[in-house]
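Participant: Pasting a structure here, questions to come.
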There are 2 protein chains.
Amino acid sequence: MQKPSLPKGTRDFGPIQMARRNFILNTIKDTFQLFGYQQIETPAMENLSTLTGKYGDEGDQLLFKILNSGDFLKKVNSEDIASGAAATLPKVAEKGLRYDLTVPFARFVVMNRNELTFPFKRFQIQPVWRADRPQKGRYREFYQCDADVVGTDSLVCEAEIILMIRNVFAKLGLSNYDIKVNNRKILTGISEAIGEAGKEGSLCVAIDKLDKIGWQKVKEELGERGFASHSVDKLEPLVQLKTDLKGKIAFLKDFLATSEVGLKGVSELEEMLDILDQMGANLEHVDFDIMLARGLSYYTGAIFEVKVNGVSIGSVSGGGRYDNLTGVFGLSGVSGVGFSFGVDRLYDVLEELDLFPEESLKGTTLLLTHFDQKGFRYALNVLNQFRNAGIKAEIYPDVVKAKKQFDFANKKGIPFVGICGDNEIMTETLALKNLETGNQENLKVEEVISLLKGN
Amino acid sequence: MQKPSLPKGTRDFGPIQMARRNFILNTIKDTFQLFGYQQIETPAMENLSTLTGKYGDEGDQLLFKILNSGDFLKKVNSEDIASGAAATLPKVAEKGLRYDLTVPFARFVVMNRNELTFPFKRFQIQPVWRADRPQKGRYREFYQCDADVVGTDSLVCEAEIILMIRNVFAKLGLSNYDIKVNNRKILTGISEAIGEAGKEGSLCVAIDKLDKIGWQKVKEELGERGFASHSVDKLEPLVQLKTDLKGKIAFLKDFLATSEVGLKGVSELEEMLDILDQMGANLEHVDFDIMLARGLSYYTGAIFEVKVNGVSIGSVSGGGRYDNLTGVFGLSGVSGVGFSFGVDRLYDVLEELDLFPEESLKGTTLLLTHFDQKGFRYALNVLNQFRNAGIKAEIYPDVVKAKKQFDFANKKGIPFVGICGDNEIMTETLALKNLETGNQENLKVEEVISLLKGN
C-alpha cells in the first residue's frame, strides 16, 4: 500500500490556514472593489507560445510544461532525443502552467480589447507555478494577488495605490510599515546626470542591492558593470542624502537639471503627491526612496515597495507603472500601473505579529450535544431553528459519550455547546455552555438565538 | 507578432462572469458553513502515484501530466521511444494535475489523520483538469465544489445533504427541481432478489441509462450483460411501479424480503426520512427513485442526484455514501458521505432562467465626473468621503469629454454619476444622476452618502 505524499514545494491548506488566508484575501478584495476594481480569472494552462520569452531565459526554465495528451511521442524520433531536451520540448509539450498573473492579463486585454471598457481596472487572485528549488518561504505553487489599471496615464491611479495599501493594512491591523515610492524616470535621469546615459538597467540592478550589500559593494559592482569611477563618485551625495521629502525633491531638481526625463520623473512624483493632498490624504507611511529600483525592467514610471518593520519578512507588496503591457501580443499604446500583495508573506507577517483576529477563525458557533437517543432526537428537533436564524450550528451526529462530543467542540474551536438532557427536554430549554468561560445556564431556544446572533 | 489564443477547452472569466460565479459560489459556501463544514485547499499538482489507478484506464488517459523540470530526457533512451508513450511516461513525468477533488481529499485525510477532528466536515472549491475532447459545456479546466463528512455512519449527514441542497437552491431562486434519492444497498438487494446476486455493478450501469434509452433497450443490454431473461422480467414490476414514497417502501419490503442487504437499504432510507421529520423538515423536492443508480461504483449507501426541471441541462448536483474513501492510501475504516454542485451547469441554469439577481453584478456604485481641471480637483476632494462610508466609488481618472465619462459609467454598469461642475463647486454639492431613471438632483455629499448607503 503506497504512503501518499505531496509534490515538493506544494502545500495543503487545512481549515485554520484557509480561514486565515480568506481573512487576508477578503480584506484585499473588499478594498479593490471599494476602489472600482473588477475581478477576472484566467486558466491555469496557457499556450507555451504565450508564456515563453516573457520572463527571460531563467523564467523559461522555471515554467512547468504540460505533456501533450495521447501519444506524446508521436512527433519524436531518436535524433530529437540525441539533440536534447530543449530541441525535443516543442514536440512533446504545447502548454504550460501560468508563471505570473501579468502575462495572462496582457493576453486577456489583447483578446478582449473590443469588449473591455477602458480605463480597465482589474484584480486577479489565483495560484501561479514556478519550478524553483523549494526552500523556506518559497513554494512551487503560490497565490498572487494583482490589481492593475490599463488604458490611462492618470497619476490618480498611482495615488490610489497608496490609499489601497493603507486601507488594506489598516484593516489587517498593521501599523508599522513603509510604502517606499520612487519613479523609474528619476533613475534614468540619474544615469544621464552622472554621464552614463542608457545604463539605467545596470544601475538599477546594482542599486537594488544597496539594502543588502551596502554602498561599498554596490560601487564595486558598478565598476565591474563598466561605470567610470568619476560617474560612480557623482552618485555619492545621492546615496548619502539625509533629508525629508521636500528636501529630496529640491535636491533632485538641481541634480537632474540637465536631464529632461529625470525632471519629468520628479514632476510625476510631485503630481502624485499633489493628488493625494487634493484627496485629503496625508503622507503617513509614504517614504520617497530615490534609490528604490525594483528588479523588473518593464517599469517606466512610478515604482512602489512595501516593507513591514520589525519582522524578518521581506517586502509584502510592490508594483509600478509600465508603458507597454501588451506590445508583445501586438497591441501597442496600452500603458498601465499595477501592484500586488504577497499573500504568503502577509500571512507570515500576521502570524509573527499575532494579528489574526479571532473572528477570522470562527466556524461553527453552536454544537448540540446529547446523552441518548431521546436527547439526540430533541437536538435534531431544535437544530434548524438556529440555522434558520443564520447561526452556524451543528449536531454531533452519533450518540456517543458526552466527553467525546465536548472534545470535538474544543478541537474544532466551537465556542458554545447546547446540551440536550432529560431536564432540558422537559423544560423545553438548552443547557448552554460557554466553553471559554465554563459558564452554563438553561435558556429557551429563542433566548439562545438572540444571545448567539451577534457571534 | 503573435496573435494570442487560449488552449482548447479553457476559458477566461471576465468581470460579469466572475460576479455571477461568485454569487453562486458564495451562496454555496455560506450554506456549507451554516452546516458546520470547513474549507480546505489542496495543490493543483499531485504526484502521479497519487492519481493513477484511481479513475480507471480512461481516467488515467485523461490526466494532464507535467513534464519533469530540467533535463526531462535524462532517463530516456531510444529503446524507450521505440516502446512508446506509455513506457516512456514514468521517465519524463512524475506529477499530474488534479482530476477531481475526491482523491486529493482522501490523500489529505490520510496524511493529516492525526491532526484532524473526526467526524471531519470539509468543503473544497477548486478547479480540476481533464484532457477530455472539448465540446459544448465540457471544458478541460472547470471548477468542482465538493462537501464531504468522513468518520461517521450517521444518517444525519444524508438528511443534511438534502437540507443543504434546498437551502442553496432557495437562495439561488430555483424552485422547480427534484432531489432524487436512492440507496445503493437497495440496488444490491434487487440483484439478489431477481436471482443475479453480485451483478449489481452491471445492473447499475444498465439501469443508469433508463432515462436516456428506455426500458426496452435496458432489457436488451441486461441480456447482453448475461442476465437471464426470467431475472430481467422480475425487474418489470419495479420499473413500472407508480406509487408514492410510502407505497414504494411497502413494495420494496416485500420485493426484497429475501435480501438482508436490500432490507438494510430500505431501513437506512426510512431512518433518513425519519431524521428529516424530526428536524421539522418536509419532503418537498425529494423523490425516491428506486432506479437511480449513478455511475460511480464506490457508493455503498445513499445516493443523490438533482435535476432542475424545464431546462436543457443535466443533473446539477449529486453524491452519495462510500464505505472506504481512504483504503487505497492504506487507511481503512474511514467511511463518509459527500455531494457536489456542478458550478458550470448551475451557471447555465441561472442564465437560462434569467435568475441572476442584479445585486450580484453590482460593482462600483458611484462615478465622479468633471468637465475641467477645477472639477477634477473638486471630485478628488470629495471622493474619499464616499469610500470612507463604504460606498464603492471612483473618479474618471482623466479630464476628457463628459460623454466619454458617461459612456464609461454605462458600460461598466455604474448606476449613479456625481457630476462636478462649476455650480456644484460653488454650492458644495454634487449633481447626482441616476443613470437608470435619468433623474438628476443637486445634493450635499452627506445627502448623497445616505442615499447611496443602501445600494
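Participant: How are the C-alpha pair distances of the stretch A:177-308 spread across 10 Å bins, as whole percents from the shortest bin up?
Facilitator: Taking every Cα pair in the stretch A:177-308, the percentages come to 12, 46, 34, 7, 1.
Participant: When a/c reaches 1.5 or more, the comparison of a/b and b/c decides; with that in mind, is the stretch A:302-370 rounded, prolate or oblate per its Cα gyration tensor?
Facilitator: oblate
Participant: Okay, next question. What angle do you read, to the nearest 10 degrees and between 0 and 90, between the alpha-carbon axis of helix A:260-278 and the longest principal axis of chain A?
Facilitator: Between the helix axis and the principal axis of chain A, the angle is about 30 degrees.
Participant: Hey, another quick one. How big is the Cα convex hull of the protein assembly as shown in projection, averaged over all directions, in nm²?
Facilitator: 43.8 nm²
Participant: Please name which of B:36, B:134, B:5 has its Cα lying farthest along the dipole of the stretch B:1-153 towards the positive end, using unit charges on Cβ (Lys, Arg +1; Asp, Glu -1) and the Cα centre as origin.
Facilitator: B:5
Participant: Roughly how big is the stretch B:392-447's charge dipole about its Cα centre, with Cβ charges of +1 (Lys, Arg) and -1 (Asp, Glu), in debye to the nearest 20?
Facilitator: So the magnitude is around 380 debye.
Participant: Let me ask something additional. Count the net charge of all other residues whose Cβ sits under 11 Å from the Cβ of residue B:397, scoring Lys and Arg as +1 and Asp and Glu as -1.
Facilitator: After counting each charged neighbour, the total is -4.
Participant: Same structure again: Does anyone have the angle between helix A:102-111 and the longest principal axis of chain A? Alpha-carbon axes, 0 to 90°, nearest 10?
Facilitator: 80 degrees
Participant: In nm to one decimal, list the spacings between the residue B:134 label point and its equivalents in the other copies, with label points set 7 Å along Cα to Cβ, shortest first.
Facilitator: Computed spacing set for this position: 3.1 nm.
Participant: Hey, can you grab everything whose amide H is under 5 Å from the amide H of residue B:39? Only 5+ residues off in sequence or another chain; H modelled, so Pro and N-termini drop out.
Facilitator: Result for residue B:39 returns B:123.
Participant: Also, quick follow-up: Just to confirm my numbers, what's the Cα centroid distance between the stretch A:417-442 and the stretch B:283-322 in Å?
Facilitator: Distance between centres, Cα-based: 38 Å.
Participant: Suppose you put the label 7 Å out from Cα in the Cβ direction; list, shortest first and in nm with one decimal, how far residue B:402 is from each other copy's label.
Facilitator: Here residue B:402 shows inter-copy label distances of 7.3 nm.
Participant: Here's something else I'd like to know. By how many degrees, between 0 and 90 and to the nearest 10, does the Cα long axis of helix B:229-240 differ from the longest principal axis of chain B?
Facilitator: The angle comes out at about 40 degrees.
Participant: Then there's this: With the cut-off at 1.5 for a/c, could you classify the stretch A:327-455 from its C-alpha gyration tensor as rounded, prolate or oblate?
Facilitator: Note, shape of the stretch A:327-455 comes out prolate.
Participant: Tally Lys and Arg at +1 and Asp and Glu at -1 over the other residues with C-beta under 9 Å from the C-beta of residue B:192: what net charge comes out?
Facilitator: Once all neighbours under 9 Å are counted, the net charge is -3.
Participant: Return the loop-located GluC sites (Glu not before Pro) in the stretch A:47-143 (DSSP other than H, G, I, E, B) with at most 12 other Cβ atoms within 10 Å of their own Cβ; answer none if there are none.
Facilitator: Passing sites in the stretch A:47-143 are A:115.
Participant: In the stretch A:359-455, which chymotrypsin sites (Phe, Trp or Tyr not before Pro) fall in coil by DSSP and have 11 or fewer other Cβ atoms within 10 Å?
Facilitator: Nothing satisfies the criteria.
Participant: Also, quick follow-up: Quick one: check the C-alpha center-to-center distance for the stretch A:205-260 versus the stretch A:171-196, whole angstrom.
Facilitator: Here the answer is 12 Å between Cα centres.
Participant: Between B:364, B:328, B:340, whose Cα lies farthest towards the positive end of the dipole of the stretch B:273-397 when Lys and Arg beta carbons carry +1 and Asp and Glu beta carbons carry -1, centred on the Cα centre?
Facilitator: Working it through, the farthest residue towards the positive pole turns out to be B:364.
Participant: What dipole magnitude, in Debye to the nearest 20, does the protein assembly as shown give about its Cα centre under +1 on Lys/Arg Cβ and -1 on Asp/Glu Cβ?
Facilitator: The calculation lands at about 1180 debye.
Participant: Okay, next question. I'd like the chymotrypsin sites (Phe, Trp or Tyr not before Pro) in the stretch A:238-331 restricted to DSSP loop residues with at most 11 other Cβ atoms within 10 Å, sorted by number.
Facilitator: none
Participant: List nothing, just return the count: lysine pairs in the stretch A:363-453, 8 or more apart or interchain, with Cα separation under 19 Å.
Facilitator: 22
Participant: Can you divide the C-alpha Rg of the stretch A:1-99 by 2.2 N^0.38 Å and report the result to two decimal places?
Facilitator: Ratio of Cα Rg to 2.2 N^0.38 Å: 1.54.
Participant: Could you give me D for chain B, from Stokes-Einstein at 37 °C and 0.692 mPa s, where the hydrodynamic radius is the Kirkwood radius over C-alpha pairs? Units µm² s⁻¹, please.
Facilitator: Answer from the Stokes-Einstein relation: 125 µm²/s.
Participant: Another one. If you average the sequence gap of Cα pairs under 8 Å that are 6 or more apart and divide by the length of chain B, what percent do you get for the contact order?
Facilitator: Relative contact order comes out at 14 percent.
Participant: Then there is this: Under 11 Å from the Cβ of residue A:180, count the other residues' Cβ atoms, weight Lys and Arg +1, Asp and Glu -1, and hand me the total.
Facilitator: Around residue A:180, the charge tally is -3.
Participant: Find, among the residues of chain B, the one whose Cβ sits nearest the axis of the rotation taking B to A; state the distance in whole Å.
Facilitator: Looking at chain B's Cβ atoms against the axis toward A, the nearest is B:78, 2.
Participant: Using the alpha-carbon centroid of each, what span in Å lies between the stretch B:334-397 and the stretch A:1-74?
Facilitator: Using only Cα atoms to place each centre, the spacing works out to 25 Å.
Participant: How large is the charge dipole for the stretch A:280-363, taken about the Cα centre, if only the Cβ atoms of Lys, Arg (+1) and Asp, Glu (-1) carry charge, to the nearest 20 debye?
Facilitator: Dipole magnitude for the stretch A:280-363 comes out near 460 debye.
Participant: Taking a label point 7 Å out from Cα toward Cβ, give me the nm distances from residue B:3 to the same spot in the other copies, shortest first, one decimal.
Facilitator: Distances between equivalent label points, in nm: 5.4.
Participant: Across the stretch A:1-116, how many lysine pairs, 8 or more apart or on two chains, come within less than 13 Å at their alpha-carbon atoms?
Facilitator: Lysine pairs satisfying the spacing and distance rule in the stretch A:1-116 number 4.
Participant: Name the residue farthest towards the positive end of the dipole of the stretch A:198-281 from the options A:249, A:203, A:272, assuming +1 on Cβ of Lys and Arg, -1 on Cβ of Asp and Glu, about the Cα centre.
Facilitator: Final value for the positive-end residue is A:203.
Participant: Sum -39500 (n - 2.57) across every DSSP H segment of at least 4 residues in chain A, then divide by the residue count to get the 222 nm mean residue ellipticity, nearest 500.
Facilitator: -13000 deg cm²/dmol, from helical runs alone.
Rule-based calculations on the coordinates, nothing more; no lab input. If you're wondering where the values come from, they're calculated on a predicted model, not measured in any experiment. Reconstructed Cβ throughout: ideal geometry from the backbone, glycine too, with neighbour counts over all protein chains shown.
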